[in-house]
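Visitor: Submitted below is the structure of interest, expressed as structure tokens.
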């Protein structure tokens, strides 16, 4: 057996443990009411190394994937240098500040975002849209998280998705909620035709500036501008849907479905959080409403990576199969028993977490 085969066999043996640990981490994340807090700086003295023992097989493969090299290249500065330099140089030049100030804003982005959120009422879709159309803090958050992914500290979701999909050159990809544009940039490097769409004008403008500086060809749509129907092979919306107001969720998912060609793929995730002041822009505490609207629009799940990256295929809600799919989805995701079971699971998770922290506190005391 070669070393590669031995490594693959070892990954298969720990896969069940990895899945359990990943689900525990997702529960901890969902139940945390303190927000994300400060970003870590991998280069700061005393910062612990990445916890590679907790990586899933998909995470482990992504770190050494050729696609990760493309992702790193997307972050590097135009004139040459490392990924960290590229991220801080982009932010410093675009926002007119020193790299040191850009770093400080990256690490403490959440406090700035909270100030922007609380500057005006956000209890209506219009108020939420105003936040995204004016806030700049997320440019620092998302840019730094891209750096954390290549440093080994963050979960390399874009690389994992790109490797899993392995798109054909020429595939048309829409990144819905495109942020600072690195996911779209990665797919462009893989030979895809990319379109970036975002409701946040500051993010879309920054993404355009970044990509144009690097000679990346792309199209840009400032939502809620209309998107072309039946145009795309793949739509990505990574951790985006949890920020869409409930009143607009169904129309949003239906629009995404309409933009796909028959059989096209929709890749998403559900960054749901327990309500709190620092989780204010996470508008859902449970992923069931999000998954129900996706199924309701005609999507069928085809894969799930690390219990956090969902891949759906565009289907139909008409005909016998379509109606049967809709009925079964309602039973699993929207019926009273489904909601009751989920509520019970959440209570058990909270009780288990409370017990764990109580035992840990007594042992440390």
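Visitor: Can you confirm whether residue 122 is surrounded by 14 or more Cβ atoms within 10 Å (Cβ to Cβ), over 27 Å from residue 248 (Cα atoms) and modelled with pLDDT of 95 or more?
Guide: Values: surrounded by 14 or more Cβ atoms within 10 Å (Cβ to Cβ): yes; over 27 Å from residue 248 (Cα atoms): no; modelled with pLDDT of 95 or more: yes.
When the stated conditions are applied, residue 122 does not pass them.
Visitor: Just for the stretch 334-365: of the residues that are modelled with pLDDT of 85 or more and not in a helix (DSSP H, G or I), which one is surrounded by the fewest Cβ atoms within 10 Å (Cβ to Cβ)?
Guide: As a first pass, look at the stretch 334-365 and keep what is modelled with pLDDT of 85 or more: 334-344.
Restricting the remaining residues to those that are not in a helix (DSSP H, G or I) gives 334-335.
Numbers: 334: 16, 335: 14.
The selected residue is 335.
Visitor: So which residues in the stretch 94-119 are in contact with a helix residue (DSSP H, G or I) (Cβ under 7 Å, 6 or more places away or on another chain) and loosely packed, with under 13 Cβ neighbours inside 10 Å?
Guide: Hit for the stretch 94-119 is 98, nothing else.
Visitor: Residue 275 is checked against (1) in contact with a helix residue (DSSP H, G or I) (Cβ under 8 Å, 6 or more places away or on another chain); (2) assigned to a loop (DSSP other than H, G, I, E, B); (3) surrounded by fewer than 19 Cβ atoms within 10 Å (Cβ to Cβ) and fails just one. What number does that condition carry?
Guide: Among (1) in contact with a helix residue (DSSP H, G or I) (Cβ under 8 Å, 6 or more places away or on another chain); (2) assigned to a loop (DSSP other than H, G, I, E, B); (3) surrounded by fewer than 19 Cβ atoms within 10 Å (Cβ to Cβ), the lone unmet condition for residue 275 is (1).
Visitor: Can I ask one more? Can you pull out every residue in the stretch 199-237 that is free of Cβ contacts under 8 Å to residues at least 24 places away in the same chain and over 22 Å from residue 261 (Cβ atoms)?
Guide: Result: 205, 212, 215.
Visitor: Sticking with this one: How many residues does the stretch 63-79 contain that are touching a residue at least 12 places away in the same chain (Cβ under 8 Å) and part of a helix (DSSP H, G or I)? Full working, then the answer.
Guide: The first filter runs over the stretch 63-79 and keeps only residues touching a residue at least 12 places away in the same chain (Cβ under 8 Å), leaving 63, 65, 67-68, 70-75, 77-78.
Narrowing the set further to residues that are part of a helix (DSSP H, G or I) leaves 63, 67-68, 70-75.
Residues flagged as touching a residue at least 12 places away in the same chain (Cβ under 8 Å) and part of a helix (DSSP H, G or I) within the stretch 63-79 amount to 9.
Visitor: Can you name every one of the strands (runs of 3 or more DSSP E) wholly within the stretch 135-238 that holds 3 or more residues which are modelled with pLDDT of 95 or more, over 30 Å from residue 119 (Cα atoms) and within 13 Å of the chain's Cα centre (by Cα)?
Guide: Details: elements: 172-176, 193-198, 219-222, 232-237.
Filter on the stretch 135-238 gives an empty set.
Visitor: If I ask for residues that are crowded, with 16+ Cβ neighbours inside 10 Å and in a strand (DSSP E or B), which ones from the stretch 241-267 would you list?
Guide: 260, 264, 265, 266, 267, listed by residue number.
The values are calculated or read from the model by the stated rules, or taken from the named source; none is laboratory data. Computed from a predicted model, the values in this text were never measured in an experiment. Reconstructed Cβ throughout: ideal geometry from the backbone, glycine too, with neighbour counts over all protein chains shown.
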